[in-house]
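Trainee: Structure incoming, see below.
The values are calculated or read from the model by the stated rules, or taken from the named source; none is laboratory data. Given the structure is predicted, the values throughout are model-derived calculations rather than measurements. Positions of Cβ are backbone-derived with ideal geometry, glycine not excepted, and every protein chain shown enters the neighbour counts.
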Amino acid sequence: MEVYKGKAKSVIEGDGDTYVMEFRNDLTAGDGAKKASKEGKGALNAEISAKFFEVLIDAGIDTHFIRFEPPTKHIVKRVKIIPLEVICRNIATGSILKRYPFTQGQKFNPPLVEMGYKDDAYHDPFLNDAVALALGAARDVAELDKLREITLKVNSILSKFLLEKGITLVDFKLEFGRDKDGNLLLADEVTPDTCRFWDVETGEIMDKDRFRQDLGDVREFYREVKRRIGA
Ligand SMILES: Nc1ncnc2c1ncn2[C@@H]1O[C@H](COP(=O)(O)OP(=O)(O)OP(=O)(O)O)[C@@H](O)[C@H]1O
Ligand SMILES: [Mg+2]
């Protein structure tokens, strides 16, 4: 039984405490204002995300990922999603340039971590700790600190892994949840839909910005990310 149909994935009831997360071919941008379907995109993202979750698990991150069922499914632990999007930026690009006087390509050292309230109706607005707590999105500041700490750890692990493959991790968005025992787990996906990847040598865009900006060859670049990371 389908529990939820999102913009890019479907969540289906699985055995026991699991869900089956199916990666679809749908691509959206601008809160779903721009839509397309790209044959094979779901399978590419499922493979890419599975690889990243394996790398993160090996490095000691607790996640919802149980196994990949090719071509498009992940078997995951059921969690209650924390309604926050945790965003980490190593380089200034995209929406942040409209909010602050940063310059395109400027490096952030240390990386910037921001949080948004996960609600499309409000366009996932950025919030501070006080607002997050008032909304009941997190239990306390310690929990928010924990989310930021894990996100920075994910950033170091993936930045290093990707650099060896000739890819710069520019920025990314994470989602977290709690399982039935209250364990905080990294959930959802890590894909070119939710990260920005630039070729180290050429600066070429290898992520969903190709779709947002109509640069073309979306699938070809997702395939290249998959090839380089060995997924
Ligand atoms: N382990 C999990 N248990 C329960 N829900 C999960 C889990 N992992 C991811 N999800 C949720 O499954 C959905 C995946 O669908 P998708 O990414 O297409 O949603 P979306 O369109 O981005 O919308 P939204 O994230 O706002 O619900 C998301 O709502 C995500 O929060
Ligand atoms: Mg999503």
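Trainee: Find the residue count for the range 131-145, including only residues that are buried (at least 16 other Cβ atoms within 10 Å of the Cβ) and not in a loop (DSSP other than H, G, I, E, B).
Mentor: Here the count works out to 4.
Trainee: Take the residues in the range 61-110 that are among the polar types (S, T, N, Q) and within 16 Å of ligand 2 (Cβ to nearest atom), then tell me which one is nearest to the chain's Cα centre (by Cα).
Mentor: So, considering only residues that are among the polar types (S, T, N, Q) and within 16 Å of ligand 2 (Cβ to nearest atom), the one nearest to the chain's Cα centre (by Cα) is Thr63.
Trainee: Looking at (1) of a type outside the set (Asp, Glu); (2) within 16 Å of ligand 1 (Cβ to nearest atom); (3) within 14 Å of the chain's Cα centre (by Cα), can you tell me which one Leu135 breaks?
Mentor: Leu135 satisfies every listed condition except (3).
Trainee: Same structure again: Name the residue, out of Phe172, Phe176, that is under 30 Å from Thr202 (Cα atoms) and touching a strand residue (DSSP E or B) at 6+ places or on another chain (Cβ under 8 Å).
Mentor: Sole residue among the options that is under 30 Å from Thr202 (Cα atoms) and touching a strand residue (DSSP E or B) at 6+ places or on another chain (Cβ under 8 Å): Phe172.
Trainee: Do we find that Asp179 is out of contact with any helix residue (DSSP H, G or I) (no Cβ under 9 Å at 6 or more places or on another chain) and within 19 Å of Asp31 (Cβ to Cβ) in this structure?
Mentor: no
Trainee: Does Asp124 satisfy the criteria of being under 16 Å from Thr194 (Cα atoms), assigned to a loop (DSSP other than H, G, I, E, B) and assigned by TED's automatic domain parsing to the domain that holds Ile157?
Mentor: Answer is yes for this residue.
Trainee: Testing Asp145 on (1) without any contact (Cβ under 8 Å) to a residue 40 or more places away in the chain; (2) at positive phi, one condition comes back false. Which one is that?
Mentor: Only one criterion in (1) without any contact (Cβ under 8 Å) to a residue 40 or more places away in the chain; (2) at positive phi is unmet by Asp145, namely (2).
Trainee: Within the range 16-60, how many residues turn out to be over 16 Å from the mean Cα position of the chain (by Cα), aliphatic (A, V, I, L, M) and assigned to a strand (DSSP E or B)?
Mentor: Number of matching residues: 2.
Trainee: Tell me, yes or no, whether the range 150-172 has at least one residue that is part of a strand (DSSP E or B) and within 16 Å of ligand 2 (Cβ to nearest atom).
Mentor: Scanning the range 150-172 turns up at least one residue that is part of a strand (DSSP E or B) and within 16 Å of ligand 2 (Cβ to nearest atom).
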